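These notes concern the structure reproduced below.
Values in this text are rule-based calculations from the coordinates and carry no lab data. Model, not experiment: these values are computed from the prediction. All Cβ positions, glycine included, derive from the backbone under ideal geometry; neighbour counts span all protein chains shown.
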Amino acid sequence: MSNLVCCQIIPPDVLYQIIKEGTSEQKDKFIRTLELSEILRTQRSIIAGMRGVGNILKIAGHLQKRRIVYDANHADDIFSLPGEPKRYEEDLKETGDNDVDSCFNNTGLVYDFYKEVFMRNSIDDDGMEMNSSVHFGVDFDNAVWTGSQMVYGDGSDLLFKKGSVASNLTVTAHELTHGVTDHEANLVYRGQPGALNEHMSDVFAAMCDQWVSKHTVDESSWLIGKDMLIEGQALRSLKDPGTAYPTDKQIDHIRDYHTGMLIHYSSGIPNRAFYLTCKEIGINSYSWQKVGKIWYATLIDKLREYSKFQDAADSTFDVAGSLYGKDSKEQAAVYKGWEGVGITPRESSDMTANLVGGKRRRRHQIL
Ligand SMILES: [Zn+2]
């Protein structure tokens, strides 16, 4: 099905940098984090086959959210996953473990956001169970979507603050959106399609955060992973890419793009385009109401495995015209948003002209 192996929340070169410059203790710790991240990245099918309680409860087409949070008990091998079930829909009592309870609640908020704003029923739009394991590994500095479940470490207090990884709503929303993309546009995880994949996770995470807080464009921090890092304010800024932490290399304009650039850095270009589009609609507006709908329709109905930045610009422009009218304020806002990052949307007379690769497999369509 998918070509997306999975995603981890942190750009891999941040770990490489610490390994290169850190103390011997830090080197050992982060080499293990990298190893474990890599194992999780490549073992999605094994994990999928080991979902104990998840398999029992799996019934296609559920209309309500179904979450299970497991405790991995610090095991650092994938064969221990998912771990011991700690909290699920049938038992909503708080456990007292902040990682378990926050993860459970945030997963529910992400489900509610997709359902209420986009009428989407879970990751696959078919009631897929949302499984998460917390306390994975020892001081594991990452959060990973494996293709079938979420895995969260505790953080080491060297890179991420302890207890911050599993309790951050934008991290959960970002990673679960990789699952949504996996079931929709299925963008390959490299080059510009990979950057668009990362971008979609960031914009839907930012929107989910804003929807929960009822923050306007102006009120939002536009940060992903706020207050998680020991050094720096966040992992990424959609408003000002490249300013989230001291060595943040994210770019915000196509002139700075080059082939081979890490996708977590080139994703700053469409991220900034999204922010600028929202700003054009109005600083007192809500991102998810208009721009969010344009981006969602583009993700599920327009983009495909090998779509590039220009395809995203053209598609969002077309979708804005279809949803709000040709030459509407909304379509003009999309145009200005992309123009602000050096990409000029091209008008397409044929609404299918900018589809790139892949076969359509829609169950329903917004457009
Ligand atoms: Zn990601």
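A few points about this structure:
- The chain: Cα Rg divided by the 2.2 N^0.38 Å rule of thumb: 0.94
- Residue among 132, 328, 281 farthest towards the positive dipole end of the chain, charges placed on Cβ: 328
- Given charges at Cβ of Lys, Arg, Asp, Glu: the chain dipole, positive-most of 73, 242, 348: 348
- A Förster radius of 56 Å combined with the Cβ-Cβ distance from residue 91 to residue 306 puts the calculated FRET efficiency at roughly 0.80.
- Most mobile listed residue (325, 292, 96) in the chain, GNM with C-alpha springs under 10 Å: 96
- Among the listed pairs 27/249; 115/162; 115/290; 214/290, a Cα-Cα separation exceeding 25 Å is found for 115/162.
- Chain lengthening between residue 230 and residue 77 when straightened (0.36 nm per residue, less Cα-Cα): 52.5 nm
- A simple charge model with +1 on the Cβ of Lys and Arg, -1 on the Cβ of Asp and Glu and nothing else charged puts the dipole of the chain at about 1040 debye relative to its Cα centre.
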